[in-house]
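Engineer: Take this structure first; my questions come after.
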Amino acid sequence: MCRALPPILRDTGLCVGDVEIIRLNDRTRPQDHLRLMETAAALGARRIKLVCDSEDHGRSAETLGRLCDLAAPFGLVMDLEYMIFSGVTSLRAAMAVVETAGRANLRVLVDALHWVRAGDIALLKTADPARLGYVQLCDGPLRGPADRQALIQEARTSRLAPGDGEFPLDDLLAAMPPNCVASLEVPLPSGQGPLAHARRLLEAARTLSGRHERETAS
């Protein structure tokens, strides 16, 4: 499949922005992910997403640093995504891990859902923009599920298109550095075809982006 994909990308004008996912734990061996890095580079991707399942942040930072060193020759940026049900549960914790790792090709990924659920709405405005590189957009109700399993289920299946919920997405975009990478993470709703879903997300993204550009210019 990886060999067949490049000509399809060329013919359609599409590109691969990132690949996923490396899950860090206390047994992670960075060299085991070299094949993923090689494949990502071959497909023209510029980033790899990571999630940390370990609560040993010192060890995680060391492992992250070694992963970044392996990824650097491929021109890859590594994006650490925090989740309130992972080992790195908040923006503050993610920034601390990234700072400890101290690699130029390591950034924090801010997912709109986890940003809201972790209570990081105000905190993002004070974060070092040099450590922020990626934002994932979706929408949902401000009040989230109460237990861990329900939070996991929400993240996997219940995200809404931007504009269909209550998340302060304008504030999120305003707090991110200019020209940061943005993507949409909204699973296909039951009963809707993928093409209709893609068109709906494109419309939602254009509406949000247009509003943000007008607010930035004013």
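The values are calculated or read from the model by the stated rules, or taken from the named source; none is laboratory data. Treat the numbers as computed from the prediction; the structure is a model and nothing was measured. Don't worry about glycine lacking a Cβ; one is built from the backbone with ideal geometry, like all the others, and counts go over all protein chains shown. The accessibility values were calculated without ligands, DNA or RNA, using every heavy atom of the protein model including side chains. Shrake-Rupley method; radii C 1.70, N 1.55, O 1.52, S 1.80 Å.
Engineer: Only loop residues by DSSP count here, and only those with at most 15 other Cβ atoms within 10 Å; note down the GluC sites (Glu not before Pro) in the stretch 84-173 that meet that.
Structural biologist: Taking the stretch 84-173 and a limit of 15 other Cβ atoms within 10 Å, the loop GluC sites (Glu not before Pro) found are Glu166.
Engineer: What is the ratio of the Cα radius of gyration of the stretch 1-67 to 2.2 N^0.38 Å, with N the residue count, to two decimals?
Structural biologist: Here the answer is 1.32, to two decimals.
Engineer: Mind listing the long-range amide H neighbours of Val77? Cut-off is under 5 Å, sequence gap 5 or more, other chains count too, H placed in the peptide plane at 1.01 Å from N.
Structural biologist: Arg47, Ile48
Engineer: Around Asp56, with a cut-off of 11 angstrom between Cβ atoms, what is the net charge of the other residues, counting Lys and Arg +1 and Asp and Glu -1?
Structural biologist: Its environment carries a net charge of -3.
Engineer: On to the next question. So what's the back-of-envelope 222 nm ellipticity for the chain, counting only DSSP H runs of four-plus at -39500 (n - 2.57) apiece and dividing by all residues, rounded to 500?
Structural biologist: -12500 deg cm²/dmol
Engineer: Okay, next question. Rank these residues by their accessible area, most exposed first, probe 1.4 Å: Thr39, Thr100.
Structural biologist: Solvent-accessible surface, decreasing: Thr100, Thr39.
Engineer: Rank Glu215, Glu62, Glu185 by accessible area, highest first, at a 1.4 Å probe radius?
Structural biologist: The ordering from most to least exposed comes out as Glu62, Glu215, Glu185.
Engineer: Show me, for the stretch 22-34, the HN-Hα J-couplings you get by feeding each phi into the Karplus relation (A = 6.51, B = -1.76, C = 1.60, θ = phi - 60°), rounded to Hz, glycine and proline as x.
Structural biologist: Couplings: 9, 9, 8, 9, 6, 10, 4, 10, x, 5, 5, 9, 4 Hz.
Engineer: Just to confirm, what accessible area per residue do you get for the chain at 1.4 Å probe, in whole Å²?
Structural biologist: It amounts to 53 Å² per residue over the chain.
Engineer: Could you give me the percent of Cα pairs per 10 Å distance bin for the chain, shortest bin first, beginning at zero and ending with the bin that holds the maximum distance?
Structural biologist: With 10 Å bins starting at 0, P(r) equals 8, 31, 37, 22, 2.
Engineer: So how many Å³ per residue does the convex hull of the Cα atoms of the stretch 91-218 work out to?
Structural biologist: Considering the Cα atoms of the stretch 91-218, their hull volume per residue is 120 Å³.
Engineer: Using a 10 angstrom cutoff on alpha carbons, build the Gaussian network for the chain and name the most mobile of Leu106, Leu172, Leu43.
Structural biologist: Leu43
Engineer: What ranking of Leu36, Leu132 comes out by heavy-atom accessible area, probe 1.4 Å, highest first?
Structural biologist: Result, largest first: Leu36, Leu132.
Engineer: Follow-up question, since we're still on this one. Sequence-distant or interchain residues sharing an amide H contact under 5 Å with Arg23, placed H: which?
Structural biologist: Amide H neighbours of Arg23, under 5 Å, 5+ apart: Val51.
Engineer: OK, next. Averaging sequence separations of C-alpha pairs under 8 Å and six or more residues apart, then dividing by the length of the chain, give the relative contact order as a whole percent.
Structural biologist: The normalised contact order for the chain reaches 14 percent.
Engineer: Report the relative contact order of the stretch 56-111, percent, no decimals, based on alpha-carbon pairs under 8 angstrom and at least 6 residues apart.
Structural biologist: Averaging sequence separation for qualifying contacts and normalising by length gives 44 percent for the stretch 56-111.
Engineer: In percent, what relative contact order does the stretch 10-55 have, based on Cα pairs under 8 Å that are 6 or more apart in sequence?
Structural biologist: Relative contact order, the stretch 10-55: 57 percent.
Engineer: What is the pair-distance distribution P(r) of the stretch 127-180, computed from all Cα-Cα distances in 5 Å bins starting at 0, with each bin given as a whole percent?
Structural biologist: The percentages, shortest bin first, are 4, 17, 23, 19, 17, 15, 4, 0.
Engineer: Could you run the Karplus curve 6.51 cos²θ - 1.76 cosθ + 1.60 with θ = phi - 60° over the stretch 162-169 and give me ³J(HN,Hα) per residue in whole Hz, x for Gly and Pro?
Structural biologist: x, x, 9, x, 10, 5, x, 5
Engineer: Can you check what the net charge comes to around Met95, using other residues whose Cβ is under 12 Å from the Cβ of Met95 (Lys, Arg +1; Asp, Glu -1)?
Structural biologist: Neighbourhood net charge equals 0.
Engineer: Can you figure out the FRET efficiency of Leu43 with Ala72, using R₀ = 22 Å and their beta-carbon distance, to the nearest 0.05?
Structural biologist: 0.80
Engineer: Moving on to the next point. Could you give the C-alpha radius of gyration of the stretch 60-153 expressed as a fraction of 2.2 N^0.38 Å, taking N as the number of residues it contains?
Structural biologist: For the stretch 60-153, the normalised Cα radius of gyration comes out at 1.12.
Engineer: Give me, ordered by chain and number, the residues 5 or more places off Ser54 or on other chains with an amide H under 5 Å from its own placed amide H.
Structural biologist: Those lying under 5 Å, H to H, from Ser54 are Gly87.
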